[in-house]
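Here's the structure, in structure tokens; my notes come after.
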Amino acid sequence: MSKRHRSRRLALQALCCIDVQGEKSLDLVQEFIDDSDDPLETRLTARDFLQGVLAERDLCDRLLKRHAKHWNLDRLALVDRNILRLAVYELRSGKVPKKVVINEALVLAQEFSTAESPRFVNGVLDAIARELETAEPPPPGEPAGHETK
């Protein structure tokens, strides 16, 4: 398992915990990541993922609501919702090719969710990736993948 995949797994677990327990658990989930037996680079990347998703959660959720047709975000499975948030954050960052981001999300869905989840996750992320590709470039100083109106 690659270091980045392990980082995504740690971040996903932390995001699920925060989703259940709220922001009050942030210190505990960061401690969970820090106490992992993984190499320092893996733990730091997991913390970066966690902090990035939390910072952009509202924007990620707006994109998800728009593309998860016929699904209320609150009614999505906890794991699926957080796999999608993590992947949308990565798609928006533009640091990793979209195919890699989507494939990693599918692997997480296969590992942690139901048999139907990978297909659902793929469809939602593909639609979001297409929207982000056609979005106008952000103004100087704003993050890549800035949401268009």
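Bear in mind these aren't lab numbers, they're just calculated from the coordinates by the rules spelled out. Here the structure is a predicted model, which is why all the values come from computation and not from measurement. Here the Cβ positions follow ideal geometry from the backbone for every residue, glycine too, while neighbour counts run over all protein chains shown.
Quick notes on this one:
- Charged-residue dipole, Cβ positions (Lys, Arg, Asp, Glu), the chain about Cα centre, Debye nearest 20: 500 debye
- Given charges at Cβ of Lys, Arg, Asp, Glu: the stretch 2-149 dipole, positive-most of Phe32, Gly22, Val101: Val101
- Gyration tensor verdict on the stretch 1-55 (Cα atoms; rounded if a/c is under 1.5, prolate if a/b is larger than b/c, oblate otherwise): prolate
- For the stretch 1-38 versus the stretch 72-138, the spacing of their alpha-carbon centroids is 18 Å.
- Contact order relative to length of the chain, as percent, for alpha carbon pairs under 8 angstrom and 6 or more apart: 21 percent
- Estimated vicinal HN-Hα couplings, Hz - the stretch 39-56 in sequence order (Karplus 6.51, -1.76, 1.60; Gly, Pro = x): x, 3, 4, 5, 5, 5, 5, 4, 5, 4, 4, 4, 5, x, 5, 5, 5, 10
- Electrostatic bookkeeping for Asp19 treats Lys and Arg as +1 and Asp and Glu as -1; over the other residues with beta carbon under 12 Å from its beta carbon, the sum is -1.
- Pairwise label distance in nanometres, Ser2 with Arg62, each label 7 Å out on the Cα-Cβ vector: 3.0 nm
- FRET efficiency, Asp48 to His70 (Cβ-Cβ, R0 30 Å, nearest 0.05): 0.35
- Lys, Arg +1 and Asp, Glu -1 on Cβ, resulting dipole of the stretch 9-60 about Cα centre, debye, nearest 20: 140 debye
- For peptides 109-115, 122-128, sequence by mean Cβ density within 10 Å, most packed first: 122-128, 109-115
- Neighbours of Ser2 by Cβ distance under 11 Å: Lys/Arg scored +1, Asp/Glu scored -1, total +4.
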